[in-house]
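Below is one structure, written out as structure tokens; the observations come after it.
The values are calculated or read from the model by the stated rules, or taken from the named source; none is laboratory data. Please read all numbers here as calculations on a predicted model, not as lab measurements. Quick reminder, even Gly has a Cβ in these numbers, built from the backbone with ideal geometry, and neighbours come from all protein chains shown.
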Amino acid sequence: MPHRVTELHNIMPISNISLVLMHGILSHERAAKLPHSDVSMVNVQDKRERVQVPGGLKLHQYANLYFDARNPMMYKRKSQAESLCILCISVEVLSIQNVVISDQNAASDYVRFYPANCLSDLNFDQIYAPDWRHPDDQIVEWRHKSAKCAEVLVPYAIGFEYVTGAYVVSETTKNDILAAGFAKPVVVKPGLFFR
């Protein structure tokens, strides 16, 4: 496993923490059956609804994680940072049966899917780059932006036992997540939220 992959991330509204404590991190399909807050973009979810992972499930049947939550999705939600957390997930999830990884956003037209043991096929220089903008080359920027959102796809749900901690944007947000019953380590790391 590349030494750079020390944890995985999930962008989660703090208002959903009580559900995560009970059910873990759910696939879009399973989460839809429970009242919850959703920070995803409707147009992206419409596209994801139509994706079938080759040899696997429909994309909405996977609980999804990022390798790096400081990505274009978080950038689009940076104004909501005070209501969000980034859940840290153990890399042990990569050993769960039928886990799939994608080399970019799983709804991209050019995405490639791999078994979880094929991490070396991903471009971690792009995934972990602090910035995906390339002002001199729009095509390169689009590709890099999509690669920043490479995913780990876990069938149906990720048990709470795989959650190792959380990052938040401020001390206030830290108090909010602790008040929601989250009892694992919480670190204030505003840079992950573009602050």
request  = Residue by residue through the stretch 96-105, note down the ones that are within 16 Å of the chain's Cα centre (by Cα) and either surrounded by fewer than 19 Cβ atoms within 10 Å (Cβ to Cβ) or not in a loop (DSSP other than H, G, I, E, B) (or both).
outcome  = Val100, Ile101, Ser102
key: Evaluation of Leu178 against (1) out of contact with any helix residue (DSSP H, G or I) (no Cβ under 8 Å at 6 or more places or on another chain); (2) assigned to a helix (DSSP H, G or I); (3) at pLDDT 95 or above; (4) under 22 Å from Thr6 (Cβ atoms) (one fails), failing number   = (4)
task = Could you pull out every one of the helices (runs of 4 or more DSSP H) wholly within the stretch 4-77 that has 3 or more residues that are modelled with pLDDT under 95 and more than 17 Å from Lys189 (Cβ to Cβ)?
result = 28-31, 42-49
key: the stretch 106-126, residues that are of a type in the set (A, V, I, L, M, F, W, C) and assigned to a helix (DSSP H, G or I)   = Leu119, Phe124
ask   = Regarding Val163, is this residue crowded, with 18+ Cβ neighbours inside 10 Å and under 30 Å from Arg112 (Cα atoms)?
value = yes
query = Would it be correct to say that Arg112 is basic (Lys, Arg), crowded, with 16+ Cβ neighbours inside 10 Å, within 22 Å of Lys47 (Cβ to Cβ) and without any contact (Cβ under 8 Å) to a residue 40 or more places away in the chain?
reply = no
Flag for Ala81 being of a type in the set (Gly, Ala, Ser), touching a residue at least 60 places away in the same chain (Cβ under 8 Å) and in a strand (DSSP E or B) = no
inquiry  = Tally up the residues in the stretch 127-149 that are assigned to a helix (DSSP H, G or I), touching a residue at least 40 places away in the same chain (Cβ under 8 Å) and among the charged types (D, E, K, R), please.
reply    = 1
inquiry  = Residues to consider are Val152, Val93; find the one that is assigned to a helix (DSSP H, G or I), surrounded by 13 or more Cβ atoms within 10 Å (Cβ to Cβ) and β-branched (Val, Ile, Thr).
reply    = Val93
